[in-house]
Amino acid sequence: MGVIGTNLTDTENPKAVKKNAASLRFWHWFSALVVCGSLLTVLVNSTLLDRDNSGLVKEELIQAGAKVDDQQARAVIHGMEDQVWGIHIYFGYALAILLVFRVISELFQSKDQRFFRKLKTAYQNYVVKPKERRLTRHELLTKTLYLGYYFLLTLMVITGLSIAFDKELGISKSFSHQLKETHGFVMYLIIAFIIVHVFGVFLAERKDGKGIVSDMINGGERKNNG
C-alpha cells in the first residue's frame with residue numbers, strides 16, 4: 001500500500017510536506033481494491049463454498065423440489081467454487097499489471113520521489129542524525145516495511161501466475177502444490193501487512209501525521225516555510 005502511517009514531514013526538512021505523485025496514488029488505491037477483491041474471493045470459497053456445506057446445498061435443493069444426492073450437491077459446490085476462483089484469477093492478472101505499472105512508473109519518477117532513493121535517504125538520516133533518532137528510525141522502519149510489501153507482492157504475483165499457467169509452463173503437480181502453499185502463506189503475510197498499514201495510518205492521523213489519507217487522494221502540497 002502507499003503508506004503505513006508514515007510521518008508527513010521530511011527528515012531533512014521537518015517543515016516540508018511531502019507530495020505523493022499521481023502514479024503512486026493511482027497504484028495505491030487500485031492495488032488496494034484489487035488485493036481486497038482477491039482476498040474476498042478467498043474468503044467466499046473458504047466459508048460459503050466450503051465442501052462441508054454440500055449438505056446445506058442438498059437440503060435447499062430438496063426443499064425446492066429437486067432430487068439430488070450427496071455427489072450432485074458436492075458437484076454444485078465445486079462448480080460455484082470454480083466460478084469464484086475464475087474471478088480470483090482475473091484479480092491476479094490485474095495485480096500483475098499493477099505491479100508492472102508500479103515498476104515502470106518508478107523509472108519515470110523525479111529523483112526525490114523514487115522509492116529506493118527515499119529508502120537510502122532514510123537510512124543515511126538514521127545513521128548521521130542521532131539526535132533525531134526517533135523520527136529517522138520511524139522513517140527507516142516505514143520504508144523497510146514498504147520494501148517487504150513489494151517483495152511479498154512480487155512473490156504473490158509470480159506464484160499466482162505460475163499456478164494459473166502450470167500446464168503451459170510444464171510445472172509438475174507436486175511443485176504446483178508447493179506453489180499453492182507458498183501463495184497461501186504469502187497471502188497471510190499480506191493480510192498482516194494490511195492490518196499494520198491501517199493501524200499505522202489510524203495512529204498517525206491521531207498524532208503528528210494528520211492528512212495522510214487525504215494526501216494520498218489529492219497528492220498534498222509542498223510547503224516551504226523557510
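The values are calculated or read from the model by the stated rules, or taken from the named source; none is laboratory data. If you're wondering where the values come from, they're calculated on a predicted model, not measured in any experiment. Note that each Cβ is placed from the backbone with ideal geometry, even for glycine, and that neighbours are counted across all protein chains shown.
If the requirement is being farther than 18 Å from HIS28 by Cβ and crowded, with 18+ Cβ neighbours inside 10 Å, which of these qualifies: THR159, THR142, THR182?
That would be THR159, the only listed residue that is farther than 18 Å from HIS28 by Cβ and crowded, with 18+ Cβ neighbours inside 10 Å.
Could you go through the stretch 191-202 and let me know if any residue there is surrounded by 13 or more Cβ atoms within 10 Å (Cβ to Cβ), over 20 Å from TRP29 (Cα atoms) and modelled with pLDDT under 95.
No, because not a single residue in the stretch 191-202 is surrounded by 13 or more Cβ atoms within 10 Å (Cβ to Cβ), over 20 Å from TRP29 (Cα atoms) and modelled with pLDDT under 95.
Collect the residues in the stretch 110-132 that are among the charged types (D, E, K, R) and within 28 Å of the chain's Cα centre (by Cα), keeping them in residue-number order. Give the steps one after another, and end with the answer.
First, the residues of the stretch 110-132 that are among the charged types (D, E, K, R): 111-112, 114, 117-118, 120, 129, 131-132.
LYS111, ASP112, ARG114, ARG117, LYS118, LYS120, listed by residue number.
What is the residue count in the stretch 170-179 for residues that are surrounded by 13 or more Cβ atoms within 10 Å (Cβ to Cβ) and of a type in the set (Ser, Thr, Tyr)?
Number of matching residues: 1.
Can you name the residue in the stretch 151-173 that is without any contact (Cβ under 8 Å) to a residue 12 or more places away in the chain and assigned to a helix (DSSP H, G or I) and is also farthest from VAL201 (Cα to Cα) among such residues?
Filtering the stretch 151-173 for residues without any contact (Cβ under 8 Å) to a residue 12 or more places away in the chain gives 151, 158, 165, 167-173.
Checking the rest, the ones that are also assigned to a helix (DSSP H, G or I) come to 151, 158, 173.
Working: PHE151: 21, ILE158: 29, LYS173: 42 Å.
The qualifying residue farthest from VAL201 (Cα to Cα) is LYS173.
Is it the case, given these coordinates, that PHE151 is under 22 Å from the mean Cα position of the chain (by Cα), at pLDDT 85 or above and surrounded by 15 or more Cβ atoms within 10 Å (Cβ to Cβ)?
Criteria not met by PHE151.
Output the residue which, of all residues in the stretch 11-31 that are under 25 Å from the mean Cα position of the chain (by Cα) and closer than 30 Å to PRO130 by Cβ, is modelled with the lowest pLDDT.
Checked the stretch 11-31; the qualifying residue modelled with the lowest pLDDT is LYS18.
Exactly one of (1) among the charged types (D, E, K, R); (2) loosely packed, with under 13 Cβ neighbours inside 10 Å; (3) closer than 21 Å to ARG25 by Cα is unmet by LYS131. Its number?
Only one criterion in (1) among the charged types (D, E, K, R); (2) loosely packed, with under 13 Cβ neighbours inside 10 Å; (3) closer than 21 Å to ARG25 by Cα is unmet by LYS131, namely (3).
Which one is nearest to ALA21 (Cα to Cα) among residues in the stretch 54-106 that are among the β-branched types (Val, Ile, Thr) and more than 23 Å from the chain's Cα centre (by Cα)? I'd like the intermediate steps shown before the answer.
Restricting attention to the stretch 54-106, the residues satisfying the condition of being among the β-branched types (Val, Ile, Thr) are 57, 62, 68, 76-77, 84, 87, 89, 97, 100, 103-104.
Retained after the next criterion (residues that are more than 23 Å from the chain's Cα centre (by Cα)): 57, 62, 68, 76-77.
Working: VAL57: 49, ILE62: 57, VAL68: 57, VAL76: 47, ILE77: 45 Å.
Top of the filtered list is ILE77.
Just to be sure I understand the filter: pairs with C-beta atoms under 7 Å, separated by 6 or more residues or on different chains, first member in the stretch 39-61 and surrounded by 13 or more Cβ atoms within 10 Å (Cβ to Cβ) and at pLDDT 80 or above, second member in a helix (DSSP H, G or I) and acidic (Asp, Glu). Which pairs pass?
Final answer for the pair search is ASN45/GLU81; LEU49/GLU81; SER54/ASP70; LYS58/ASP70.
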